[in-house]
Amino acid sequence: MSLNLNDLYGQVIRDHKKFPRNKGLIDGYKTLRFKNPSCGDDITVQAQLEDGVIKDIRHEGSGCAICCSSASVMSEVLKGKTLEEAKEIILDFYELIKGNMPKDEERLDEAIVYVNIHNYPPRAKCATLSWRALDALLHGEEGEQDEE
C-alpha cells in the first residue's frame, strides 16, 4: 500500500498538532499574540533575535489543527535563519497559501504540506496566523492584535 501526497501531508499536519515543536513561552523574548475572532484561533509567537539571526522561535496557543500545526512547522522552518532569509520564506509561504508555487519550494521544507489550503479559503487565515504574527514581530511589532 502506497501513500499519496495528500496522505503524507495529512500525517505531517497531524504529527505537528499532536507533538508540537518549540511550544511554550519564555520570559524575555519579543512576543506578539494574534487572535482570529472569526474562527477562535489564538496564537502567541515569540522570537529571540541575535546578530540578525532568529536564534529561537516559541509559540503557544489554541485553535484548529491547521493553525496549531502551522505554528509548529513555522517554528522549525524559520529557526536559525537570518532575518532576510526568514522574511523571504514567509513571503514564499504566503504565495503557497494563495495557490502559487513559490520561487524556492525547497526552502519551505515541511511548510509545503499546506500547498492545497488555497482550495479551502477559510483555512488560509488558520494556516498563516502564526506566520503573520512572526512576520509582524520581525518588523518590530509586539503586544496583542485581533486579525480579521
Starting from the range 104-125, take each residue that is of a type in the set (A, V, I, L, M, F, W, C) and list its partners that are at pLDDT 90 or above and open to solvent by 30 Å² or more (accessible area, probe 1.4 Å), counting only C-beta distances under 6 angstrom and pairs at least six apart or across chains.
Ile117/Arg123
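Quick grid of which residues meet (1) open to solvent by 30 Å² or more (accessible area, probe 1.4 Å); (2) closer than 24 Å to Asp15 by Cβ; (3) small (Gly, Ala, Ser); (4) modelled with pLDDT under 95:
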site	(1), (2), (3), (4)
Glu105	yes, yes, no, yes
Ala111	no, yes, yes, no
Tyr120	yes, yes, no, yes
Arg123	yes, yes, no, yes
Ala127	no, yes, yes, no
Ser130	no, yes, yes, no
His139	yes, no, no, yes
Glu148	yes, no, no, yes
Inside the range 1-87, counting only strands (runs of 3 or more DSSP E) that do not spill past its ends, which hold 3 or more residues that are of a type in the set (A, V, I, L, M), open to solvent by less than 40 Å² (accessible area, probe 1.4 Å) and over 22 Å from Asp104 (Cα atoms)?
41-50
Tally of residues being under 19 Å from Gly140 (Cβ atoms) and of a type in the set (Ser, Thr, Tyr) across the range 34-50
1
If Arg132 satisfies every condition in (1) of a type outside the set (Phe, Trp, Tyr); (2) more than 12 Å from the chain's Cα centre (by Cα); (3) assigned to a helix (DSSP H, G or I) but one, which is the exception?
(2)
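The values are calculated or read from the model by the stated rules, or taken from the named source; none is laboratory data. Since this is a predicted model, take the numbers as computed values, not measurements. Heads up, the Cβs are rebuilt from the backbone with ideal geometry, glycines too, and the neighbour counts pull from every protein chain shown. Keep in mind that these areas ignore ligands, DNA and RNA; they rest on the heavy atoms of the full protein, side chains included. Shrake-Rupley method; radii C 1.70, N 1.55, O 1.52, S 1.80 Å.
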